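Notes follow the structure.
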Amino acid sequence: MFTLRETGLPGCFEVLPRQISDVRGRFIKTFHAPSYSQLGLETEFVEEYYTTSHRGVLRGLHFQIPPADHAKLVYCVAGSVFDAVLDLRKDSPTYGRFAHLELSEEKRNLLYVPRGIAHGFTTISDECTMIYKVTSVHSPAEDAGIRWDSAGIPWPGSNFIISERDQSFPGLSQYNSPFRMKQV
């Protein structure tokens with residue numbers, strides 16, 4: 001039902017759902033708890049929301065710190081984005097490294113982001129709509145981020161539209177991460 005493609009960061013996957021097409025259009029199942037569980041992914045999503053953004057908007061790099069940390073499932077249902085993730089898990093073999101991919105309405109792909117990985121994107125179409133499923137409720141006290149330009153991510157474009165909040169995040173080298181790899 002779902003195929004996982006490695007991103008280069010342990011536990012972070014591009015998710016390729018099965019698609020059913022006919023004369024009416026397409027049917028795409030984005031989540032199925034038994035299948036996700038069988039693949040070793042978290043399934044207890046407790047909140048879902050979406051954002052809309054214009055070309056050049058850059059959001060991120062976002063995460064929540066413990067005890068409100070969460071896994072995310074993100075996907076683009078309209079337009080396209082350059083999506084990036086950054087490993088903040090201190091004992092990870094890829095700590096401080098990033099991965100990126102295009103998420104788009106056309107590709108119909110999703111990204112599973114485990115706890116301890118920061119997430120961000122920039123809109124590369126005229127507009128986009130991103131959907132997020134998360135395993136913890138938004139907690140302003142634990143909401144955090146890493147400055148978008150501090151990890152060497154090759155963001156496409158220039159003159160990004162970035163919130164004051166996102167511009168004020170510390171750089172990767174200044175951040176003392178509380179995250180560790182999940183112990184099994």
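Computed values, structure above
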| read-out | value |
| --- | --- |
| Enumeration of residues in region 41-64 that are part of a loop (DSSP other than H, G, I, E, B) and surrounded by 13 or more Cβ atoms within 10 Å (Cβ to Cβ) | LEU41, GLU42, THR43, PHE45, ARG55, GLY56 |
| Residue ID - nearest to ARG115 (Cα to Cα), chosen from residues in region 23-40 that are in a loop (DSSP other than H, G, I, E, B) and of a type outside the set (A, V, I, L, M) | GLY40 |
| Identity of the residue in region 46-76, under 14 Å from the mean Cα position of the chain (by Cα) and hydrophobic (A, V, I, L, M, F, W, C), that ends up nearest to CYS128 (Cα to Cα) | CYS76 |
| Residues within region 93-146 that are in a loop (DSSP other than H, G, I, E, B), of a type in the set (A, V, I, L, M, F, W, C) and either without any contact (Cβ under 8 Å) to a residue 40 or more places away in the chain or buried (at least 21 other Cβ atoms within 10 Å of the Cβ) (or both), tallied | 1 |
| Positions within region 157-184 being within 19 Å of SER125 (Cβ to Cβ) and either surrounded by 10 or more Cβ atoms within 10 Å (Cβ to Cβ) or aliphatic (A, V, I, L, M) (or both), in sequence order | GLY157, PHE160, ILE161, ILE162 |
| Residues being in a loop (DSSP other than H, G, I, E, B) and in contact with a strand residue (DSSP E or B) (Cβ under 7 Å, 6 or more places away or on another chain) - total across region 153-175 | 7 |
| Qualifying residue in region 74-88 (condition: more than 24 Å from ASP149 (Cβ to Cβ), of a type in the set (D, E, K, R) and modelled with pLDDT of 95 or more) | no |
| Residues of region 160-182 that turn out to be more than 15 Å from LEU86 (Cα to Cα) and either at pLDDT below 95 or hydrophobic (A, V, I, L, M, F, W, C) (or both), as a count | 4 |
| In region 1-22, residue nearest to VAL134 (Cα to Cα) [restricted to those that are more than 19 Å from the chain's Cα centre (by Cα) and assigned to a strand (DSSP E or B)] | GLN19 |
| Residue count, region 8-39 (criterion: of a type outside the set (Ser, Thr, Tyr), surrounded by 12 or more Cβ atoms within 10 Å (Cβ to Cβ) and touching a residue at least 24 places away in the same chain (Cβ under 8 Å)) | 15 |
| Hey, ASP87 among the acidic types (Asp, Glu), over 20 Å from GLN19 (Cβ atoms) and over 16 Å from the mean Cα position of the chain (by Cα) or not | no |
| Residue in region 97-105 that is touching a helix residue (DSSP H, G or I) at 6+ places or on another chain (Cβ under 9 Å) and of a type outside the set (Val, Ile, Thr) present | no |
| Failed condition for PHE63, given (1) more than 15 Å from LEU16 (Cα to Cα); (2) in contact with a Ser or Thr (Cβ under 8 Å, 6 or more places away or on another chain) | (2) |
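The values are calculated or read from the model by the stated rules, or taken from the named source; none is laboratory data. Nothing here was measured: the structure is a model prediction, and the numbers come from that model. Cβ sites come from the backbone with ideal geometry, for glycine too, and all protein chains shown count toward neighbours.
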